[in-house]
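Below: one structure, written as structure tokens.
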Amino acid sequence: MGPMTLLDPAVQPAGPATHEVTNQPPPLVGHDVAADAALLAGLDREGAGWHAADLRRLGRLAGSEEAQRWGDEANRHEPELRTHDRYGHRIDEVEFHPAWHQLLDVAVSEGLAAAPWADSRPGAHVARAASFYVWSQVEAGHGCPMSMTYAVVPALRTTPELAAAYEPLLSSRVYQPGLTAPLGKRGLLAGMGMTEKQGGSDVRANATAATPNADGTWSLRGHKWFTSAPMCDLFLVLAQAPQGLSCFLVPRILPDGTRNTFRIQRLKDKLGNRSNASSEPEFDGTVGWLVGEEGRGVRTILEMVAMTRLDCVTGSASLMRQATLQAAHHAAHRSAFGGLLIDKPLMRNVLADLSLESEAATTLMLRLAGAADRAVRGDAQEQAFKRLAIAVGKYWVTKRAPNVAAEALECLGGNGYVEESGLPRLYREAPLNSVWEGSGNVNALDVLRAMSREPDSVEAFFAEVGLARGADARLDDAVTGLRAGLADPEELESCARRLVERMALVLQGSLLVRHAPSAVADAFCASRLAGDWGHAFGTLPRGIDAATLVERALPQG
């Protein structure tokens, strides 16, 4: 037996194992996602306090390890297109990981599709928005078919016979995947086929043609550029009829059980939203039914667009909240330079700023949902406010989401750049809602259009922010400045983004001054309205109660 060396296990120097894990935060699981002070206060304020218990139940599921695993798996295992079966028959189906279906099953059963349209309780649309906000923190992609299904109902109601047939199934809380004759299913999902490659948001440039048939149906021929969730049962499609751009209901399966022509050319290779299939379908003799009046397609879908834009605000607010939670949780458990990150003054300023941005978005989202709920029930003042405020909120909140996601990721350092942290998925997802349902320019121009054509919407907007008059001088000055900025209509388009941004900040400030704790309202007015706001997060001025803001960012329950 030869001499022992340092390479022999028996003579290795004693010491701690190199793989011992220290100073890493525990997984953020087992908490209640709905334990969100701004969310719960707004839920009650906007008339849906009756939903609190169910929302907390959903929040606990959203915070569970199982639900978070569904979200991860649905994005890691992306949908796959099957154009033909093994025998060569055209099928045009998309296969999803089981986690996608689990997410959708929860979403539909919790009423995130069109259920509020069948609920007569005041606040039903607010309750749905709150649940959408909570459940989207698990995974955002599956919210797309939920949002479209929710939004198609107002458009369908322009044609009562179609609404009578399909609305009960769209508002069902039963998720039944698979392509079959829609009226034989227990629940339906709906999608939209609006944009084309030559026009995008300029839908009047659409080239898809619709030809009337003798039996009252229409035949569509053309190509759509961005049709998400192609396994939905029904689609609202814009096409050029003899009297102009019109809206049509196009089912995947016809009433006799045969497949409608819906040739999926490819699935989009997207930056984010990877769990959700987005497709380019081709129509060739595809059967559809006219929705609304011929030649009035844009008018038919206007209310639908308002609802999907509301969901853009809700989805972005949800993402901002989840990103802020992740950052605060990490900082509360990670030590550096002799203490916890959350106790370091500069990090506290960053987290407080993120918390402030998130709370402002959540509070605005709930106010918009309340306006939508009351407008549906016939409140003309709320309808006028909603017309302008949703476009304003959509522009600003969706613009802020990517900044929040990027800053939250940075709070985790290198750990945040790793896929397993979940922050890269939020980062990729963040820009989507600023693009969907009209880019920033489209929304800013829509605000100008509403101000010009519907002056009652401007009056309703200033009546809303006027409810906080006298409560904070910085807010009062901002409102005065905003009114002055509307004085020169010739210059409005070139500075439309600046105007709409200011409108959003004034509206958020007025809501926080009226409803949020004084520490939140003071920080917002000081940093967003008084001109002492840096361009990066973590630049809140001195004297802000950062401790209160950070406390509101931490996971609860």
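The values are calculated or read from the model by the stated rules, or taken from the named source; none is laboratory data. None of the values given here were measured: they were computed from a predicted structure. Here the Cβ positions follow ideal geometry from the backbone for every residue, glycine too, while neighbour counts run over all protein chains shown.
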**Fill in**
When the range 344-371 is checked residue by residue, the ones that are over 22 Å from residue 36 (Cα atoms) and either assigned by TED's automatic domain parsing to the domain that holds residue 45 or in contact with a helix residue (DSSP H, G or I) (Cβ under 9 Å, 6 or more places away or on another chain) (or both) are 344, 345
**Item:** Hits in the range 157-191 (condition: of a type in the set (A, V, I, L, M, F, W, C) and in a helix (DSSP H, G or I))
**Value:** 162, 163, 164, 165, 169, 170, 183
**Item:** Filtered residue count, the range 258-295, keeping only those that are part of a loop (DSSP other than H, G, I, E, B), among the charged types (D, E, K, R) and closer than 18 Å to residue 436 by Cβ
**Value:** 4
**Request:** Looking only at the range 35-48, decide whether some residue is closer than 23 Å to residue 552 by Cα, touching a residue at least 40 places away in the same chain (Cβ under 8 Å), touching an Asp or Glu at 6+ places or on another chain (Cβ under 8 Å) and not aliphatic (A, V, I, L, M).
**Result:** yes
**Selection status of residue 65, at pLDDT 95 or above, under 28 Å from residue 413 (Cβ atoms) and surrounded by fewer than 18 Cβ atoms within 10 Å (Cβ to Cβ)** = yes
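Across the range 508-521, what is the total count of residues that are surrounded by 19 or more Cβ atoms within 10 Å (Cβ to Cβ) and in a helix (DSSP H, G or I)? It would help to see each step written out before you state the result.
Pass one, the range 508-521, residues surrounded by 19 or more Cβ atoms within 10 Å (Cβ to Cβ): 508-513, 516, 520-521.
Those left that are additionally in a helix (DSSP H, G or I): 508-513, 520-521.
Count: 8.
Pick out the one residue from 487, 496, 444 that is at pLDDT below 95 and surrounded by fewer than 19 Cβ atoms within 10 Å (Cβ to Cβ). Walk me through how you get there before you give the answer.
On the way: 496 fails: surrounded by fewer than 19 Cβ atoms within 10 Å (Cβ to Cβ); 444 fails: surrounded by fewer than 19 Cβ atoms within 10 Å (Cβ to Cβ).
Within the list 487, 496, 444, the selection yields 487.
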**Prompt:** Taking into account only those residues within the range 114-155 that are outside any helix (DSSP H, G or I) and in contact with a Lys or Arg (Cβ under 8 Å, 6 or more places away or on another chain), which is surrounded by the fewest Cβ atoms within 10 Å (Cβ to Cβ)?
**Reply:** 122
**Asked** If you check residue 70 against the conditions, is it surrounded by fewer than 16 Cβ atoms within 10 Å (Cβ to Cβ), assigned by TED's automatic domain parsing to the domain that holds residue 141 and either more than 23 Å from residue 332 (Cβ to Cβ) or modelled with pLDDT under 95 (or both)?
**Response** no
**Message:** Tell me whether the range 74-85 contains one or more residues that are of a type outside the set (D, E, K, R), under 26 Å from residue 309 (Cα atoms), in the same structural domain as residue 169 (by TED's automatic domain parsing) and part of a loop (DSSP other than H, G, I, E, B).
**Reply:** yes
**Message:** Anything in the range 313-344 that is polar (S, T, N, Q) and over 29 Å from the mean Cα position of the chain (by Cα)? List them, or say none.
**Reply:** 335
